[in-house]
Amino acid sequence: MGRNLQSTRQLRPVDLAREHGLSTQAIRNYEEAGALPAAARTPSGYRRYTALHAGALRAFLALLPGHGHRTATAIMRAVNEGAAEEAFRLIDESHALLLDDRRTLRAVENALRDLEPATTTETEPGGAPGGTLGAPVVTFIGPLAEQLGIRPATLRAWERAGLVRPRRDPRTGYRVYDEADVRDARLVHQLRRGGYLLEQIAPLITQVRAAGGLEPLEAALDDWRGRLSARGRAMLAGAAALEAYLRERDRDPYRGCVSPPPAT
């Protein structure tokens, strides 16, 4: 009985907002989006919330860090509409996306681990090494393709996709690959062997370039790893808050009311 009395205690928008440092407009927006159950109205039109709404707000805010605003809203809307199975499907999809991100990170880490220092020397197509001591290490499309065990056409396809960016020799028009180009080509090769599509590889290559090479990328990988762990823990916290809200809904006799519950 005490539980039911607690669940019918009427709350104002400001009461819900104050607990979480939100504005009353945010509370109204969450309700309109379906993240909160529809509020009962007084005869004069004022919203009146209950402990059930407070539980919904706690669950929604707990889901946000792990699932993002759009998915968290969709999860809560499904629950509030009585479609719990749809909510569980959305949660499963979020976990699958997290698993995909972990696999991508592992593929990048493995690819970086497998990359060995390039041993390419500067050569002219069809000629002997022509570089001088201390000169930048460069190569051309044929030797690089042979080194990777692929066809030159594959390198040209990677270039069209923006994954490698060789310059053109102004005299001959030949593609010239410097050390950074060779690094990018080898990284693409490793990821392709791991089954990744060119469009999946492109943002990873962009990260390598932005970091200035493989060594500085370790910090980015550590940050990436930390964010994935934080997301996983946030999903656990969100699941616990959602389960608490589901239990509260099951116990609440007024969850379908569209008019204010009786005063206590």
Kindly establish whether Ala62 is out of contact with any Pro (no Cβ under 8 Å at 6 or more places or on another chain), modelled with pLDDT of 95 or more, part of a helix (DSSP H, G or I) and within 16 Å of Glu243 (Cβ to Cβ). yes
When restricted to Ala185, Ala111, the only residue small (Gly, Ala, Ser) and at pLDDT 75 or above is Ala185
Of all residues being farther than 24 Å from Leu105 by Cα and of a type in the set (Gly, Ala, Ser) in segment 195-254, which is surrounded by the most Cβ atoms within 10 Å (Cβ to Cβ)? Just the residue, please. Ala241
Just checking, how many residues over segment 53-89 are over 22 Å from Leu16 (Cα atoms) and over 23 Å from the mean Cα position of the chain (by Cα)? 4
Select, from Ala40, Ala54, the only residue that is touching a Cys at 6+ places or on another chain (Cβ under 7 Å) and either within 22 Å of Arg231 (Cα to Cα) or surrounded by 15 or more Cβ atoms within 10 Å (Cβ to Cβ) (or both). Ala40
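The values are calculated or read from the model by the stated rules, or taken from the named source; none is laboratory data. All values derive from a computational prediction rather than experimental measurement. Glycine gets a Cβ as well: all are built from the backbone with ideal geometry, and neighbour counts include every protein chain shown.
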